[in-house]
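Visitor: Can you keep this structure in mind? I'll have questions shortly.
Derivation of every value follows stated rules applied to the coordinates shown; laboratory data play no part. Quick caveat: nothing in here was measured; it's all calculated off a predicted structure. Don't worry about glycine lacking a Cβ; one is built from the backbone with ideal geometry, like all the others, and counts go over all protein chains shown.
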Amino acid sequence: MPNHEDVEKALAAIGKRDHSVTTEYRIFGPPGTGKTTNLTRQIRHAVSRFGKDSVLVTSYSRAAAAELVARDLPLSPDRIGTLHSHCWHALGRPRIAEVHVADWNKENPHLRITPTRGALKLEGEEPGEELGDVARSGDLMLSELNRVRGMMLPTDAWPANLREFAQKWNRYKTSHGLLDFCDLIEIAGRDLRIVSTGLKRLRSHRF
């Protein structure tokens, strides 16, 4: 089906429809059907229409971002990256709580958290890919906390033990001047009109 005429027409029409209803478009399809090719077409169209300084490309995985960079788009590579990475840069590259858990583990030995390699997580790696051994109790609680926050469930709908963990975790972050990965998305979405306002601070950086 990738070369079917109707498919090509449908893909070419994406982004050119009446925006009075929505400006969001979703492309679904198995590997090899032209999703990335069409996405690069839409990015080029956006750059030609609005200028390269007005376009920011985000993804949920490092692999997807790397593939787009390889497509030789008319954008600086620092404008193509994962959502976490863009938000981290826009917020001034704060210290990440999941990376700096040594003090947490000392204070909460029954809720130990496995340190995350921050650079990888910012580029879209899942925490579970780094744990190796059986996840610790703190890892499981933090994973569940990230899940309910991602679903935007109200706090009063959380289990009591999760609310208690969240309170401890929030106190720890505040006292040490840290943000966790969910904070990056929440704060950037709440406080920044355009996440790309922080891109002027983009520089290569190591944790």
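Visitor: Ranked highest first by the average count of other Cβ atoms within 10 Å around their residues, in what order do 42-52, 96-106 fall?
Guide: 96-106, 42-52
Visitor: Which order, highest average first, do 159-167, 84-92, 28-36 follow once you tally other Cβ atoms within 10 Å for each residue and take the mean per peptide?
Guide: 84-92, 159-167, 28-36
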